[in-house]
Amino acid sequence: MERSRAGSDIYKNKAMVERLKTYGVITSEKVANVIESIDRALFVPDGNVPYYDSPMPIGYNVTISAPHMHATCLQLLEENLQPGMHALDVGSGTGYLTACFALMVGPQGCVVGVEHIPELVSSSIQNIQKGAAAPLLKEGSLSVHVGDGRLGWPEHAPYDAIHVGAAAPKIPQALIDQLKPGGRMVIPVGTISQELKVIDKDLDGSLSVRDEISVRYVPLTSREVQLQGV
Ligand code: SAH
């Protein structure tokens with residue numbers, strides 16, 4: 001058995017993928033392969049059961065999303081994560097999904113994670129360095145930055161895919177502006193009740209928006225408000 005640190009076990013990671021397939025969450029072979037090749041235990045703080053299908057605390061009043069949510073978002077964005085495409089992960093947290101995006105778009109693509117807690121940016125970089133996306137981080141097609149994700153990351157815009165890992169009271173205009181015509185954004189929207197919204201920008205720039213599922217994410221907010229825990 002390969003163990004890179006306490007709790008890490010690629011066979012258990014594979015078993016998690018099989019369970020998500022059995023429950024009908026994972027239907028895409030490509031997404032199954034990506035989730036299999038990034039060991040979740042590298043991203044979940046020690047003391048938690050990394051392969052359990054639940055969000056887990058990562059400090060700073062936030063959580064790593066549950067495996068079924070990661071899988072759902074990867075599948076919703078799959079067509080917009082083709083090799084060579086550009087993707088933005090807002091609220092990149094542990095870096096787990098950012099790493100998955102990078103494997104999907106490959107070395108010719110570009111994946112940017114934006115996270116407003118500097119300590120999480122540092123630890124996410126360390127997490128990514130231990131796994132399959134490490135070469136992409138080294139070569140520069142994958143990068144993670146400290147910033148307010150509500151402003152997006154204009155430097156590598158426009159994006160084919162934008163994922164937001166925290167719930168916004170309303171869709172930030174900067175993210176709409178940075179979505180490429182033909183691009184797709186997946187974003188939880190709402191406060192007490194939240195919907196995972198799928199926003200497609202047509203080639204003429206018009207938007208179509210649909211609700212995928214009801215969800216429960218931590219808020220997309222300012223660093224100060226998040227750290228106060230209100
Ligand atoms: N998708 C990640 C993290 C989910 S938690 C994972 O699964 O690991 C949501 C993350 O959004 C947290 O790390 C939080 O710090 C971050 N966040 C919240 N508001 C933000 C903002 N305005 N700008 C950047 N990051 C933000």
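The values are calculated or read from the model by the stated rules, or taken from the named source; none is laboratory data. Just so we're clear, the structure is a prediction, and the values are computed from it rather than from any experiment. No Cβ is skipped: glycine too gets one built from the backbone with ideal geometry, and neighbour counts run over all protein chains shown. Surface areas here come from the heavy atoms of the whole protein model, side chains and all, with no ligands, DNA or RNA. Shrake-Rupley method; radii C 1.70, N 1.55, O 1.52, S 1.80 Å.
Considering each of 176, 199, 128 in turn, give the residue that is in contact (Cβ under 8 Å) with a residue 24 or more places away in the chain and within 13 Å of the ligand (Cβ to nearest atom).
Working: 176 fails: within 13 Å of the ligand (Cβ to nearest atom); 199 fails: within 13 Å of the ligand (Cβ to nearest atom).
Unique residue meeting the criteria: 128.
Are there strands (runs of 3 or more DSSP E) fully within the range 74-182 with at least 2 residues that are crowded, with 20+ Cβ neighbours inside 10 Å and not aliphatic (A, V, I, L, M)? List them. If you could, list the steps in order and put the result at the bottom.
Working: elements: 86-90, 110-115, 142-146, 159-164.
In the range 74-182, the matching strands (runs of 3 or more DSSP E) lie at 86-90, 110-115, 159-164.
On inspection, residue 57 fails the criterion of being touching a residue at least 12 places away in the same chain (Cβ under 8 Å), part of a loop (DSSP other than H, G, I, E, B) and within 12 Å of the ligand (Cβ to nearest atom). If the condition is being over 11 Å from the mean Cα position of the chain (by Cα) and either buried (at least 20 other Cβ atoms within 10 Å of the Cβ) or under 23 Å from residue 223 (Cα atoms) (or both), then the range 53-65 contributes 55, 56, 57, 58, 59, 60, 61, 62, 63. Listed by first and then second residue, the pairs with beta-carbon distance under 9 Å, at least 6 apart or on different chains, first residue in the range 204-230 and over 16 Å from residue 190 (Cβ atoms) and open to solvent by 70 Å² or more (accessible area, probe 1.4 Å), second modelled with pLDDT under 95 and within 7 Å of the ligand (Cβ to nearest atom), form an empty list.
Test residue 23 against the criterion of being of a type in the set (Phe, Trp, Tyr), touching a residue at least 60 places away in the same chain (Cβ under 8 Å) and either on the phi > 0 side of the Ramachandran plot or open to solvent by 40 Å² or more (accessible area, probe 1.4 Å) (or both), and give yes or no. Criteria not met by residue 23.
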